[in-house]
1. Any idea which of (1) free of Cβ contacts under 8 Å to residues at least 60 places away in the same chain; (2) open to solvent by less than 40 Å² (accessible area, probe 1.4 Å) is the one B:VAL59 doesn't satisfy?
2. Yes or no: A:LEU121 facing chain B (nearest Cβ under 7 Å) and in a helix (DSSP H, G or I)?
3. Condition first: closer than 16 Å to A:LEU176 by Cα and polar (S, T, N, Q). Now tell me which residues in segment A:128-157 satisfy that.
4. State whether the residues of segment A:31-53 include one that is in a helix (DSSP H, G or I) and exposed (fewer than 13 other Cβ atoms within 10 Å of the Cβ).
5. Of everything in segment A:117-139, what is in contact with a Leu (Cβ under 8 Å, 6 or more places away or on another chain) and open to solvent by 60 Å² or more (accessible area, probe 1.4 Å)? Give them in sequence order.
6. Here is a list of conditions, (1) assigned to a loop (DSSP other than H, G, I, E, B); (2) open to solvent by 40 Å² or more (accessible area, probe 1.4 Å), and B:LEU194 meets all of them except one; can you say which number that is?
7. Can we say A:TYR98 is in a helix (DSSP H, G or I), more than 7 Å from chain B (Cβ to nearest Cβ) and surrounded by fewer than 21 Cβ atoms within 10 Å (Cβ to Cβ)?
Amino acid sequence: MTFNLSSNIWVWIAVFFTLSVYSFLWKDNPLFKFAESVTVGVGMGYAMVQWFTLSLVGRFWTPLTTDFSSRFHLIIPAIMGLMLITRLIPRFTWLSRYALAFTMGAGSGFALPRVIQAGVLQQLYATMLPIEFSLHGFLYNFIIIVGVLSGLIYFFFSKEHKGWFGSIANVGIWFLMVGFGATFGYTVMARLSLFIGRVLFVLRDALGFLKI
Amino acid sequence: MFWKKQLPLIIVFMMGLIMTVQYFIPHHVSKWVYVNYVDWAIVIAIFGAFLGYFSFLRVHITRIRKKTSNWVFSIITLASLLIMIVFALIDGKGSDSLFQNMFLYTSAAINATVFSLLAFYISSASYRAFRAHSAQAVALLLAAVIMMLGRVPIGDKISFWSAWGIPSINTVSQWILNSPNMAAKRAIALGVGLGSLLMTLKIILGIERTYLGN
């Protein structure tokens, strides 16, 4: 058993924070809170720097100053953006409504046909499957049709879930439970793989204990 | 009243109408409206982000000034933020810069660890959730167990019955994923789709106006 300790200071910083976070398994403690505060601060710092360089300068200032004649119209959304900031001044808060109105109105209009297309029509289209009289047809097409219809009936709360309607809604609950179970199992495995990743990081990258 | 309430609602309606109509009319003007809307929305969001950053700083500065509980950690948060900005200023944002390394070895490492921490808590949560009180809870438990075993090689190894032509755990887990799970997710997706559709209509028609504030 040989150790080959990493000489990279950043690796040890990451090990410190990894162990600090795992200390939460014992109980909430200052080390965990420290790691929590650092990640919030670093994340926000990262976002701010990227916002300034890529967004404010890259998507607004540079196009505006280098090609003013064809991009001068960007001044209008910039004024609306400044109107949003008036939310911080109580006397002029109402000005932010124009920017919000533009964003919400255009955003809703932009989303409306796309929601119909992707959220409703595509889902219905994918459910309208031929019912084949075979094992595959039953296991896939038939189950999907029954599952979607019963699931939708379960989510329909305008009619009391009683009688035949309640029975179909009950079938919907079965499908939903299997769906939630599958999602849960999938999530557990994803989290376990992250845990393995962290253990490997400490044992292999920092301690040089593993050669995999 | 007109300037503060009715005009914003007129703008919402007009913009909603324009953006909906442009989708259905394949014309160069429609394309122009679409391209410019995307640019404008980005610029507005850039200024909107400033509001978020200001709010973040205000919360932490207020906590430090009033010395509320755990205010020391607000200092650490602000110090980390400042360090990131200083690193970006002195060393740039290149792939091996102080800025990128600070992010990768602190924030990214912490985030991955926090998510992996859930592996422990999810186990105790599953114990509570899976105490099979009803047949439906058993269905949830079975689906989860099959899914977990089906994602790792041991699922196939212990499926000794597959030699007799009975589907292995991996095959069953794939079927659960593609058939009953797909049906449940699609029912939820349809519900979400119809809900979103109604919400966008309510916004365009001015029925939903809580986003305008008081």
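1. All conditions are met except number (2).
2. Working: facing chain B (nearest Cβ under 7 Å): no; in a helix (DSSP H, G or I): yes.
Answer is no for this residue.
3. The one that is closer than 16 Å to A:LEU176 by Cα and polar (S, T, N, Q): A:SER150.
4. The initial filter retains those residues of segment A:31-53 that are in a helix (DSSP H, G or I), namely A:31-53.
If we keep only those that are exposed (fewer than 13 other Cβ atoms within 10 Å of the Cβ) as well, we get none.
No; the residues of segment A:31-53 include none that is in a helix (DSSP H, G or I) and exposed (fewer than 13 other Cβ atoms within 10 Å of the Cβ).
5. Answer for segment A:117-139, where residues must be in contact with a Leu (Cβ under 8 Å, 6 or more places away or on another chain) and open to solvent by 60 Å² or more (accessible area, probe 1.4 Å): just A:LEU124.
6. The failed condition is (1).
7. Working: in a helix (DSSP H, G or I): yes; more than 7 Å from chain B (Cβ to nearest Cβ): no; surrounded by fewer than 21 Cβ atoms within 10 Å (Cβ to Cβ): yes.
No, not satisfied.
For (1) over 23 Å from A:ARG59 (Cα atoms); (2) assigned to a loop (DSSP other than H, G, I, E, B); (3) more than 7 Å from chain A (Cβ to nearest Cβ); (4) touching a Pro at 6+ places or on another chain (Cβ under 7 Å), each residue gets a yes or a no:
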{"site": "B:ILE44", "(1), (2), (3), (4)": "no, no, no, yes"}
{"site": "B:ALA49", "(1), (2), (3), (4)": "no, no, no, no"}
{"site": "B:TYR53", "(1), (2), (3), (4)": "no, no, no, no"}
{"site": "B:ARG58", "(1), (2), (3), (4)": "yes, no, yes, no"}
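The values are calculated or read from the model by the stated rules, or taken from the named source; none is laboratory data. Keep in mind that this is a model prediction, so the values were computed, not measured. So basically every Cβ, Gly included, is an ideal-geometry build from the backbone, and we count neighbours across all protein chains shown. What goes into the accessible areas is simple: the full protein's heavy atoms, side chains included, and nothing from ligands, DNA or RNA. Shrake-Rupley method; radii C 1.70, N 1.55, O 1.52, S 1.80 Å.
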